[in-house]
1. Would you check which residues across region 39-73 are charged (D, E, K, R), in a loop (DSSP other than H, G, I, E, B) and under 20 Å from the mean Cα position of the chain (by Cα) and list them?
2. When only residues in region 126-139 that are within 30 Å of L248 (Cα to Cα) and outside any strand (DSSP E or B) count, which is farthest from the chain's Cα centre (by Cα)?
3. When region 292-326 is examined, which residues are found to be under 18 Å from S148 (Cα atoms), in a loop (DSSP other than H, G, I, E, B) and not β-branched (V, I, T)?
4. Consider region 53-66. How many of its residues are within 13 Å of E80 (Cβ to Cβ) and either crowded, with 17+ Cβ neighbours inside 10 Å or free of Cβ contacts under 8 Å to residues at least 24 places away in the same chain (or both)?
5. Kindly indicate whether any position in region 67-88 is aromatic (F, W, Y), over 30 Å from A208 (Cβ atoms) and surrounded by fewer than 17 Cβ atoms within 10 Å (Cβ to Cβ).
6. Tally up the residues in region 123-169 that are touching a strand residue (DSSP E or B) at 6+ places or on another chain (Cβ under 6 Å) and small (G, A, S), please.
7. What residue, of L183, L190, is in contact with a Gly (Cβ under 7 Å, 6 or more places away or on another chain), buried (at least 17 other Cβ atoms within 10 Å of the Cβ) and within 25 Å of S238 (Cβ to Cβ)?
8. Identify the residue in region 1-37 that is assigned to a helix (DSSP H, G or I) and out of contact with any Phe, Trp or Tyr (no Cβ under 6 Å at 6 or more places or on another chain) and, among all such residues, is nearest to Y96 (Cα to Cα).
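The values are calculated or read from the model by the stated rules, or taken from the named source; none is laboratory data. None of the values given here were measured: they were computed from a predicted structure. Using ideal geometry, Cβ is built from the backbone for each residue, glycine included, and neighbour counts are taken over all protein chains shown.
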Amino acid sequence: MKFDFLISSERSGSNLITKLIDNHSLYCGPTPPHLLRVFDPVMDKYGNLEEEANWDAFIKDIHDFFYCKIGVWKSDFSKEELKSVAPRTLANVVRYIYEKEAKAHHKTKVFVKEVRTYDFFNAVVQGFDDAKFIWLVRDPRDMALSWSKSPVHRGDIVRSARVWAKNQSETLKLFKQFPDKILLVKYEDLILNQDAELQKICNFLDIAYETTMVDYHKNKISRENAVQTDNWKNLDKSIIKDNSKKYLKSLTKEQIQFIEYVCQHEMEALNYPFEFPVLSAEEFDVIEPLLQREERHEKAEYQLIDDEEKRKREKWYKKFTEIQEL
């Protein structure tokens with residue numbers, strides 16, 4: 001089964017593009033359990049997976065972590081079922097899990113939503129050698145605004161700007177190395193010119209464009225996932241075409257200048273115009289500590305989200321921490 005992958009920052013339309021592709025008759029793009037991102041950095045700690053104890057420990061962890069996910073899937077998996085996967089690799093277990101979900105939806109291809117895909121790009125290429133990648137980019141000022149509004153994302157303008165700059169810097173390196181494997185899509189183009197952008201995406205994936213892709217919000221699983229978390233609340237709505245340049249009304253001049261300074265090289269490379277002349281290093285050193293003091297580690301709005309979502313997030317984080325500390 002063919003696997004393709006998303007490269008994206010958080011708060012950049014990653015759920016939208018995944019659901020658009022998921023609504024194609026050939027592609028299954030489920031909500032992400034983030035198996036590759038979480039497990040690829042720690043696989044060496046499990047040791048030789050041909051040893052039963054090591055394999056059993058890995059399968060227990062990936063099975064338990066999968067069931068900490070917030071999103072709704074159609075498929076279920078037992079530990080015994082996953083233990084039978086061969087050869088014994090992370091990629092093959094991930095392949096088995098996603099293929100079962102795709103088959104449950106009568107699909108023949110898989111689109112995997114991930115963030116920070118550059119961190120495990122080589123693992124993906126090795127485990128899914130014919131994979132292609134869609135790199136979705138959003139204006140960093142709108143991404144930062146969306147991040148600051150999200151009740152479940154820690155930090156505000158300072159953290160989000162640095163995340164965006166790091167994500168694009170690393171992905172630009174890959175884009176130069178693998179221009180035939182990576183398609184750049186701008187969020188702003190996707191929401192304004194959806195037919196043209198989806199046609200471009202379909203051409204890249206070697207599939208026929210289907211006009212019904214934009215009806216993702218009518219999909220039963222999309223509607224179910226829309227109520228699972230505040231981050232996915234727009235999954236039961238059609239594309240919001242005016243969801244760009246919101247930062248002009250909602251961010252201060254200093255916040256915009258901070259973002260443009262931190263992200264300047266990547267913005268230039270991706271042709272995002274600046275609102276202000278780029279700050280000098282001395283001017284930046286004045287603004288940075290002021291904005292840093294405004295950063296919120298945990299937002300008051302987090303306490304207002306549904307108790308069930310909080311329970312799921314706490315369970316996810318506990319298991320994530322346990323895996324990272326192996």
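1. We begin by selecting, within region 39-73, every residue charged (D, E, K, R); these are 40, 44-45, 50-52, 56, 60-61, 64, 69.
Applying the additional criterion that residues be in a loop (DSSP other than H, G, I, E, B) yields 50-51, 69.
Listed by number, the list holds a single entry, K69.
2. Quick first cut of region 126-139, residues within 30 Å of L248 (Cα to Cα) only: 134-139.
Checking which are outside any strand (DSSP E or B) leaves us with 138-139.
Values: R138: 12, D139: 16 Å.
Within region 126-139, the match that is farthest from the chain's Cα centre (by Cα) is D139.
3. The initial filter retains those residues of region 292-326 that are under 18 Å from S148 (Cα atoms), namely 292-305.
Pick out the ones that are also in a loop (DSSP other than H, G, I, E, B) and you get 295-299, 305.
Within region 292-326, E295, R296, H297, E298, K299 qualify.
4. Kept after step one, since they are within 13 Å of E80 (Cβ to Cβ), are these residues of region 53-66: 55-56, 59-60, 63.
After this cut, where a residue has to be either crowded, with 17+ Cβ neighbours inside 10 Å or free of Cβ contacts under 8 Å to residues at least 24 places away in the same chain (or both) as well, the list is 55, 59-60, 63.
Qualifying residue count, region 53-66: 4.
5. In the first step, residues of region 67-88 are kept if they are aromatic (F, W, Y); the result is 67, 73, 77.
Among the residues that remain, those that are also over 30 Å from A208 (Cβ atoms) are: 67, 77.
Checking which are surrounded by fewer than 17 Cβ atoms within 10 Å (Cβ to Cβ) leaves us with 67.
Scanning region 67-88, I find at least one residue that is aromatic (F, W, Y), over 30 Å from A208 (Cβ atoms) and surrounded by fewer than 17 Cβ atoms within 10 Å (Cβ to Cβ), so the answer is yes.
6. 1
7. Values: L183 fails: in contact with a Gly (Cβ under 7 Å, 6 or more places away or on another chain).
Result: L190 is the single residue among L183, L190 that is in contact with a Gly (Cβ under 7 Å, 6 or more places away or on another chain), buried (at least 17 other Cβ atoms within 10 Å of the Cβ) and within 25 Å of S238 (Cβ to Cβ).
8. As a first pass, look at region 1-37 and keep what is assigned to a helix (DSSP H, G or I): 14-22, 35-37.
Keeping just the survivors that are out of contact with any Phe, Trp or Tyr (no Cβ under 6 Å at 6 or more places or on another chain) gives 14, 16-18, 22, 35, 37.
Details: S14: 23, L16: 25, I17: 23, T18: 19, D22: 18, L35: 12, R37: 17 Å.
Top of the filtered list is L35.
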